Amino acid sequence: MQMRSETVPGSSLTFRVACFVHPFFWATILVAANFLHADASVLPGVVLELRGKASKFIDYRLERRVALRVDENEPPSAFVDAGPFEAVWRGVILLEKRERINFAFEGFGKASLLLDGEKVLETEGEDLSTVESERLRLNGGEHPFELRYSSAASGLARFRLFWKGRGFARESMPPKSLAHFSTGKTAELLEKPSLLRQGRFLAASRGCLRCHLPDEPFNKKTAMPEVLAMGPSLIGVGSRLNQAWMEKWILDPQSMRHAARMPKVVHSSTEASHLVAFLGSLKNENVEKVVHGESKPGGVLFADLGCISCHALSENDTIAEDGRISLVGVGQKYLPGSLTAFLLAPNKHYPWIRMPNFRLSKEEAANLAAFLQELNSPILTITESTGDAVMGKLLASSLGCAACHELPCENKLIATSLQQLSALTGAGCLGESSTGPQFSFSKEERSAISIFLKERDRSLERHSPPEFANRQFEELRCVACHERDGKESLWGAFSNEVSSLKAKDNDIPDAVSNLVQIHAASRTPPDLSFAGEKLRENWLADFLGGKVAAKPRPWMKARMPSFPIRANFFASGLSSSCGVFSAMDDKPNPHNEKELEQVGGKIVSTLCITCHGVGEQKPTAVFEGQGVNLILSRSRMRYDHYMRWMMNPYRITPNTIMPRFADEDGRTGLIDLLEGDARRQFGSVWHYLCGLSD
């Protein structure tokens, strides 16, 4: 949660590169961490207040940053209409020691900053970056602030808060330096909006709106994306899943998976048998070919992909607490060949599935399936159903199965409309003794849904990209593999459970083990603290959607999976929450292009190429660890983040093996090139890379 010290460790390379090593760096980090945990009332994030100028409703939510972007016809919040609005961020700026700080804005509109009760900066217009505050002397500790922002009259908005100090250049305010008081008035302001958001998400993600339809269909372009999501398609399910497993699942989903979202819809084994007979009759003409895999390499793959972060290999009391899903018995769920087919394309029959696509090869999928099928589990055998398929089809229609699942039958369930539900909260599906579908909602969740249904307004018809990104970051358990804002990933917490599965050094082929020396900092997935402002939105959407063939870090055993149906929404939400444009012409337009191209080419070919490949050209002398191919870096990274990284990579990733080439005066050891000016030199590298073809 703490801003890092001004000077950080560096590395010494050729060309008289300056070295900046602070002997008390790690001690400072430890003191900062202890300081932040001393007051339990200070928690991550800042409180954002949003109110439309034509709306009576005032919304409050927690955000990681003091930044936003609102595009044309887009609402600033799920609970505020599109149009001109005002935003107020309130929170605390955390300083670990005495600092001299200048604050600045970026974007357009009108903004003012109050720090410790005094106005330190105010400006308005088409470019808010033209002025900055005076240099302020601030003691270490907590500094309450309030930042007010007004959008353009059209409702368009873009805003970012920046700062700079004596030891670091101008940068967007990092989330680890922002917090809020979690008690008193702040807690009161957030209580109701938090319940509304929880109820809104539950109503959308649990399929409530598949049965309780609105009077007018949702607009696919502007509605909350989750309200349009269907459950898994059941066409051909009889060729994929074991009938015995399906019957047990239908009877009581929660008994098989503690976090099952499907409700219990039948109340007798006879009904379950009828439904299974119907589902078992839904066969595919092309049955999945059985591919036999090997369990041992499948176990290694399970460990290398970090599957243990989301799945457990045993049943225990802690699974419900850590949110993982047990894989015990998963082998009995699928018919021969179907588990391999599922692992190859998890989203084929269920686009909104949370299980990501790792783009496995057929051999990898078969090996992983073989490993999973060997897990100890109750034996379920395929049995001839005693039910009646015709009766099952009638049940599927009358129980509303076809409302959530693609099925060859009509949905004949008549449910109360969405608009009428507010008068029925506490009864029906929300009742603990429901005679209809029975959900495993907690008392808090039932209360949140009830409150939302009473005061839902038109929020389901509004899509707010930053809020979608916040929800999906939790839904998809991104923290399972990635660190963010100082919070460690779950991978390390559970890695000991698969230590016996990992390949031993003597099991690794020489061609792989000697390919590159891998530093500890290069073995784990990257930190996501700055992902939204680091990566270009179009590239990020393609990457999340599985459309980028090149792996940025090919030496890493872990691989980034894809979430195709969420990709565009997710990428848009990440960048808009950071206040950056979706598309930016960030290629500098210098007058001395030829000189810059020559200088950039010289730096790349003599210095960068040591650790980084450039297109087909391999790095020449990798020592501690290989870097991302610079052709890929150019196409995926935003220029402003690139420049911030080059000026001081330790401000972004303290444990990076990337050396710092620029000193505190903005100069490098390459004194014969562009007078040693670091920004001009790094700009020339960017210019050179932009001129290269893929």
Taking the stretch 56-66 as the region of interest, how many residues are part of a loop (DSSP other than H, G, I, E, B) and crowded, with 18+ Cβ neighbours inside 10 Å? 3
Being part of a loop (DSSP other than H, G, I, E, B) and either modelled with pLDDT of 95 or more or crowded, with 19+ Cβ neighbours inside 10 Å (or both) is the filter here; which residues of the stretch 184-217 pass it? Arg206, Gly207, His212
Does the stretch 104-118 contain at least one residue that is assigned by TED's automatic domain parsing to the domain that holds Phe168, under 21 Å from Ser464 (Cα atoms) and in contact with a Pro (Cβ under 7 Å, 6 or more places away or on another chain)? no
Can you work out which of the residues in the stretch 677-687 that are under 14 Å from Lys602 (Cα atoms) and among the small types (Gly, Ala, Ser) is surrounded by the fewest Cβ atoms within 10 Å (Cβ to Cβ)? Gly683
Inside the stretch 647-694, the number of residues satisfying the requirement of being more than 17 Å from Val628 (Cβ to Cβ), part of a helix (DSSP H, G or I) and among the β-branched types (Val, Ile, Thr) is 0
Does the stretch 411-455 hold any residues that are closer than 19 Å to Asp252 by Cα, of a type in the set (S, T, N, Q) and either more than 28 Å from the chain's Cα centre (by Cα) or not in a loop (DSSP other than H, G, I, E, B) (or both), and which are they? Ser433, Ser434, Thr435, Gln438
Out of Gly579, Gly600, which single residue is buried (at least 18 other Cβ atoms within 10 Å of the Cβ), in contact (Cβ under 8 Å) with a residue 60 or more places away in the chain and in a loop (DSSP other than H, G, I, E, B)? Gly579
Please enumerate the residues belonging to the stretch 342-366 that are surrounded by fewer than 16 Cβ atoms within 10 Å (Cβ to Cβ) and of a type in the set (A, V, I, L, M, F, W, C). Ala345
Does Phe145 satisfy being crowded, with 17+ Cβ neighbours inside 10 Å, outside any strand (DSSP E or B) and modelled with pLDDT of 95 or more? no
Can you tell me which of (1) in contact with a Lys or Arg (Cβ under 9 Å, 6 or more places away or on another chain); (2) modelled with pLDDT of 90 or more; (3) within 24 Å of Glu321 (Cα to Cα) is the one Ser489 doesn't meet? (1)
Scan the stretch 367-381 for residues that are surrounded by 14 or more Cβ atoms within 10 Å (Cβ to Cβ) and either in the same structural domain as Leu209 (by TED's automatic domain parsing) or modelled with pLDDT under 95 (or both) and jot them down. Gln373, Leu375, Ser377, Leu380
If you check Phe162, Phe181, which single one turns out to be modelled with pLDDT of 95 or more, crowded, with 17+ Cβ neighbours inside 10 Å and of a type in the set (A, V, I, L, M, F, W, C)? Phe162
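The values are calculated or read from the model by the stated rules, or taken from the named source; none is laboratory data. Computed from a predicted model, the values in this text were never measured in an experiment. Positions of Cβ are generated from backbone atoms using ideal geometry, with glycine treated the same way; all protein chains shown enter the neighbour counts.
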